[in-house]
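**Q** This is the structure I have questions about; it appears just below.
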Amino acid sequence: PSRETAPPLFDLTSLQREAIRRFGWTARRTLSAAQRCYEAHKILTYPRTDSRCLPNDYRQKVSEILTGFAAAGRDVHSKDDPVGDYGAAADRLIRNGLQNENRTFDDSKVSDHFAVIPTGRLPSAAVSGDDRKIFDLVVRRFLGNFHPPAVWERVERVTVVEGERFRSRARTLTEPGWRSIGDVPSAPGVPDAETGQERRPFGRKAREAVAPSMDDEVISSLPPLRAGATESSGIEVATTGVEIVAEQTKPLPRITEARLLSLMENAGKYLEDEDFAASMHERGLGTPATRAEIIEN
């Protein structure tokens with residue numbers, strides 16, 4: 001078994017990266033939608049922030065927001081209304097208590113502004129399109145942040161054929177935890193929230209642990225063993241076919257806008273000029289409020 005902790009709350013840069021991956025938006029488009037949700041609709045807090053935490057005196061406010069979502073969810077009559085999801089998740093948190101509080105409520109990691117979260121007001125019918133999508137993204141991250149970890153069951157088998165070792169891996173979601181909210185980051189390699197299936201190549205270090213295999217991907221399940229057999233008992237297998245696949249290395253992919261935001265946020269870490277690197281320490285290139293405009297220019 002392995003535990004997967006809920007992702008932290010959004011700051012502007014992480015919100016922009018997620019919207020780029022999930023919706024294909026630009027950083028400017030995400031900022032514009034979040035700004036409208038803050039200024040015009042008043043359903044999100046100030047978005048131009050670089051903090052992913054909340055101040056300790058916001059605990060009562062979080063409790064009020066959850067109570068409001070729970071009450072609104074009980075009044076929903078349509079399965080397609082996401083407010084029903086918000087209400088069900090808020091109810092669970094009210095019943096079971098909040099997780100990750102020490103990570104979330106941290107005054108030392110809050111400067112002028114705190115993480116982007118819902119204000120507690122639900123969007124009116126006039127809130128649609130980009131604004132509604134951004135609101136939904138932030139609410140699900142807010143609710144998921146306080147849920148317990150997702151628990152996976154991992155299985156790895158190594159099959160030896162003529163002295164060559166082939167590895168198979170499977171991973172199945174056994175306890176949804178925070179993934180029940182539907183806030184699944186769309187970075188490569190993240191399993192689908194409903195099926196629990198994941199398919200991706202492993203990194204170099206993982207491949208070096210066992211000799212290279214034909215199938216170095218995670219699948220949802222492995223064929224069952226014979227009754228009474230165990231994974232370590234040296235089970236005989238039948239080789240039904242052999243195929244040698246010739247592949248070539250590929251160049252690094254082009255930098256996406258999401259990747260560019262990360263590079264800007266961490267700019268200065270690898271500068272050889274020590275004085276320049278010191279001046280960039282913990283600052284990066286631009287600020288959360290200006291990086292979208294820098295990219296556009």
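Just so you know, all these numbers are worked out from the coordinates, no wet-lab data involved. This is a predicted model, so every value here is computed, not measured. When we count neighbours, we look across all protein chains shown, and the Cβ atoms used for this are built from the backbone with ideal geometry, even at glycine.
**Q** Got a sec? Charge dipole of region 20-90, +1 on Cβ for Lys and Arg, -1 for Asp and Glu; which of Ala27, Leu66, Leu54 is way out at the positive end?
**A** Looking along the dipole axis, the top candidate is Ala27.
**Q** Also, quick follow-up: Name the long-range amide H neighbours of Ile117: under 5 Å, sequence gap of 5 or more, or other chain; modelled H, no Pro or chain starts.
**A** Long-range HN contacts for Ile117: Thr45.
**Q** Ile255 to Arg103: FRET efficiency via 1/(1 + (r/R0)^6), r the Cβ-Cβ distance, R0 30 Å, to the nearest 0.05? Kindly include the intermediate steps, with their values, before the conclusion.
**A** On the way: r = 30 Å, r/R0 = 1.00.
Plugging the Cβ-Cβ distance into 1/(1 + (r/R0)^6) gives 0.50.
**Q** Give me a comma-separated list of calculated 3J(HN,Hα) values for region 30-41, in order, Karplus coefficients 6.51, -1.76, 1.60 applied at θ = phi - 60°, integers in Hz, x for any Gly or Pro.
**A** 5, 4, 4, 5, 5, 5, 5, 5, 7, 7, 7, 8
**Q** On full extension of the chain, what length is gained from Thr5 through Gln248, given 0.36 nm per residue of separation minus the C-alpha to C-alpha distance? Let's see the in-between values first.
**A** Values: separation 243, 0.36 × 243 = 87.48 nm, distance 3.56 nm.
Answer, rounded to one decimal: 83.9 nm.
**Q** Hey, another quick one. Work out how much length Leu222 to Arg283 would gain on full extension: take 0.36 nm times their residue separation and subtract the Cα-Cα distance, in nm to one decimal.
**A** Contour length minus the Cα-Cα distance gives 17.3 nm.
**Q** Further question on the same structure: A 30 angstrom limit on the alpha carbon distance is what I want to check against. Which of Lys133/Lys269; Lys61/Lys269; Lys61/Lys133; Lys42/Lys109; Lys133/Lys250 exceed it?
**A** Beyond 30 Å: Lys133/Lys269; Lys61/Lys269; Lys133/Lys250.
**Q** With +1 assigned to the C-beta of every Lys and Arg and -1 to the C-beta of every Asp and Glu, and no other charges, what is the dipole magnitude of region 10-117 about the Cα centre in debye, to the nearest 20?
**A** In total the dipole reaches around 360 debye.
**Q** Here is a follow-up. On full extension of the chain, what length is gained from Thr290 through Ala267, given 0.36 nm per residue of separation minus the C-alpha to C-alpha distance?
**A** Net length gain for the segment: 6.8 nm.
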